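These notes concern the structure reproduced below.
The values are calculated or read from the model by the stated rules, or taken from the named source; none is laboratory data. Just so it is clear, the model here is predicted, and its values are computed rather than measured. A quick note on method: Cβ atoms are made from the backbone with ideal geometry, for glycine too, and the neighbour counts reach across all protein chains shown. Surface areas here come from the heavy atoms of the whole protein model, side chains and all, with no ligands, DNA or RNA. Shrake-Rupley method; radii C 1.70, N 1.55, O 1.52, S 1.80 Å.
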Amino acid sequence: MLARAQIWWTIFTMCVAERLAYRGDFVLGTTMRFLPMITQIFLWTAVFASSSNGKLVGFTRNDIIAYYLLTMVARAFSSMPGLASGIARQIRDGEIKKFLIQPIDLIGFSLLARMGHKLVYYGVAIGPFALVFYLCRGFFPGWPPAEYLAAFLLSLVLSFLLGFFLEASLGLAGFWTLEISSLLFVYMLFNFFFSGHMFPLEILPEPWRTWVGWMPLKYLAYFPAAVFLQKIPADQLWQEVGVLMAWTTFFYFLSRRLMHAGFRRYSGYGG
Amino acid sequence: MHRPNYLAVFWMFARNSLIRDMTFRTNYIIDVIFGLCWALMNLGFYTLVYRLMYADGDGAADIAGWSQYEFFVFIATTILVNSFVEGFFMANAEELSELTRTGGLDFALLKPIDTQFLVSLQRINWSAIPKLLLALALLAYSIPRIEGLTLHPIQFILYPLYIVMGTLILYSVMIGLAATSIWLGRNQSLYDFWFYITNFSRYPMEIYEGSFGSPLRFVFTYLIPILVVINVPAATLAKPLSDTNWPLAGFAVVATVGSLAISRWIFQRALMSYRSASS
């Protein structure tokens, strides 16, 4: 048990060190990511200028700006750049073999690596994030009550896990198709539109609204932001967190099934 | 020295790229579908936003003076200009940093043809064509629906002209950015920079107002003229001709010539500091 924990710890510190090497690039990249916020602020100011009561689908202009900022926090947890494509590449070029030989679990290793990367990312990104949120504090209605805050923090952690297992499952589809780039693009498209990254999902008309309400994608961006802004009614709050947990569990088991099934049909030759 | 026939060379590039695109046909079709999907999703988003603005009861719906169908013309213009840039230049600008890194630029320099021409147009991306058609369809759909708009023939002449100018301004920004990869050896965030800078150009310039917006508008109109790129052609077609528009329309011409000249200068300066990558 102790030896096992030591392996995991080694992997984790290795990934942290790997990530720290490019920290300069990181700070610049993270700060630049906020640039589109500037146009969003101007765009929504113009949109709300045309509204008579200053509210659209229950959002004021400030709510919308705060919403976009909060989805950036959510996506800092849930987005997994390069995870699915990385797994598919390892399957394609045979690197996956090392997980068959070494006593390391593919999904476990990837998860630790991702956690290492994310932790370094937060360590660096907290600067730009804090600065932007401080500058934009006027857009926020204030801190939510403790219950909502707890649900918000929990949903962030869960959205990280959901995003991880969901994308790992996509990547593991590479055992069957080798080339998953078109699958990933479809996913990206849906993700952008239906995760709430592009706009608050309240804007969608029925029946889309209801469908999207049950899909896992909304937990990757919309849900944590909506919780912080208290757009989720109190009686549905924990029910929604439950659905998020259910989806996370589903994709956890799915990814493990896919991995084992994939290993059974995988054949590696040479090198 | 024999002067190459640039038009014939360009034709050859286009032909070769088409052959290449048709060789990997599935890939081409996927590119087309995704390109169209992004454009349609963007359109869908603004349709939803206008729907909301109509639904709030006061009957007025405009974004900084752009009514729904005027804004659709704006979006169509964005699609048009962007597909020209993607079709002609995007893949090439990306390739430039790769050429610098691997030393492949040596071969481009050796060829008896203008290097900027060669590296800017080698690869034509034909998958941008369907997006052009989408944009034209969107124009045909939206223009008759703009209330009180009667088009003057001159608007039909000016519009394509300003589309070309917008494309050239964006090209200048792009090749200028790509040229920095010659200096820096590698420029991975070229795409990011490109995305973040052009992001400003995708919205009507009227939204940038106030104590922070006005200076921003000034900078992106007169110093880095990316607000001119979409706004001038879109306004030429979607809004009635008016005397107040002439100064900006005139400036667009100056901006195009200026950006091309400056980017050409940057490109050549960058070439001079190219040291090749030893193999």
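Would you confirm whether or not the stretch A:167-183 contains a residue that is at pLDDT 85 or above and part of a loop (DSSP other than H, G, I, E, B)? The answer is yes; a qualifying residue exists. Residue-level check: of (1) of a type outside the set (Val, Ile, Thr); (2) modelled with pLDDT of 90 or more; (3) over 23 Å from B:Phe84 (Cβ atoms), B:Leu260 misses just (3).
For (1) assigned to a helix (DSSP H, G or I); (2) at pLDDT below 85; (3) facing chain B (nearest Cβ under 7 Å), each residue gets a yes or a no:
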| residue | (1), (2), (3) |
| --- | --- |
| A:Asp25 | yes, yes, no |
| A:Thr30 | yes, yes, no |
| A:Trp44 | yes, no, no |
| A:Gly54 | no, yes, no |
| A:Asn62 | yes, no, no |
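Here's the yes/no breakdown for (1) open to solvent by 50 Å² or more (accessible area, probe 1.4 Å); (2) over 30 Å from B:Arg269 (Cβ atoms):
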position: B:Ala39; (1), (2): no, yes
position: B:Val49; (1), (2): no, yes
position: B:Tyr54; (1), (2): yes, yes
position: B:Tyr69; (1), (2): yes, yes
position: B:Gln116; (1), (2): no, no
position: B:Ser120; (1), (2): no, no
position: B:Leu139; (1), (2): no, yes
position: B:Pro144; (1), (2): yes, yes
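Does at least one position in the stretch A:191-202 carry a residue that is of a type in the set (A, V, I, L, M, F, W, C), more than 21 Å from A:Trp44 (Cβ to Cβ) and open to solvent by 20 Å² or more (accessible area, probe 1.4 Å)? Scanning the stretch A:191-202, I find no residue that is of a type in the set (A, V, I, L, M, F, W, C), more than 21 Å from A:Trp44 (Cβ to Cβ) and open to solvent by 20 Å² or more (accessible area, probe 1.4 Å), so the answer is no.
If the requirement is being assigned to a helix (DSSP H, G or I), open to solvent by less than 20 Å² (accessible area, probe 1.4 Å) and touching a residue at least 24 places away in the same chain (Cβ under 8 Å), which of these qualifies: B:Ala135, B:Ala91?
Working: B:Ala91 fails: open to solvent by less than 20 Å² (accessible area, probe 1.4 Å).
Checking each option against the conditions leaves just B:Ala135.
Counting just the residues of the stretch B:203-212 that are buried (at least 18 other Cβ atoms within 10 Å of the Cβ) and part of a helix (DSSP H, G or I), which one comes out farthest from the other protein chains (Cβ to nearest Cβ)?
Step by step, filter the stretch B:203-212, then rank; the result is B:Met205.
Of all the numbered requirements in (1) in contact (Cβ under 8 Å) with a residue 40 or more places away in the chain; (2) surrounded by fewer than 16 Cβ atoms within 10 Å (Cβ to Cβ); (3) over 29 Å from A:Met245 (Cα atoms), A:Ile101 misses one, and that requirement is (1). Cβ-Cβ contacts under 7 Å between residues 6 or more apart (or on different chains), taken from a first residue in the stretch B:197-220 that is in contact (Cβ under 8 Å) with a residue 24 or more places away in the chain and more than 9 Å from A:Phe42 (Cβ to Cβ) to a second residue that is open to solvent by less than 10 Å² (accessible area, probe 1.4 Å) and of a type in the set (Ser, Thr, Tyr), are listed as B:Phe200/A:Thr39; B:Met205/B:Thr221. Could you tell me whether A:Asn62 is open to solvent by less than 60 Å² (accessible area, probe 1.4 Å) and more than 22 Å from A:Ser159 (Cα to Cα)? So A:Asn62 passes the test. What are the pairs with Cβ atoms under 7 angstrom where one residue, in the stretch A:171-199, is facing chain B (nearest Cβ under 8 Å) and the other, located anywhere, is in a loop (DSSP other than H, G, I, E, B)? Sequence gap at least six, or different chains. That search, which allows pairs on different chains as well, returns A:Phe192/A:Met198. One residue stands out among those in the stretch B:227-273 that are hydroxyl-bearing (Ser, Thr, Tyr) and open to solvent by 30 Å² or more (accessible area, probe 1.4 Å): the one that is nearest to B:Leu151 (Cα to Cα), which is B:Ser242.
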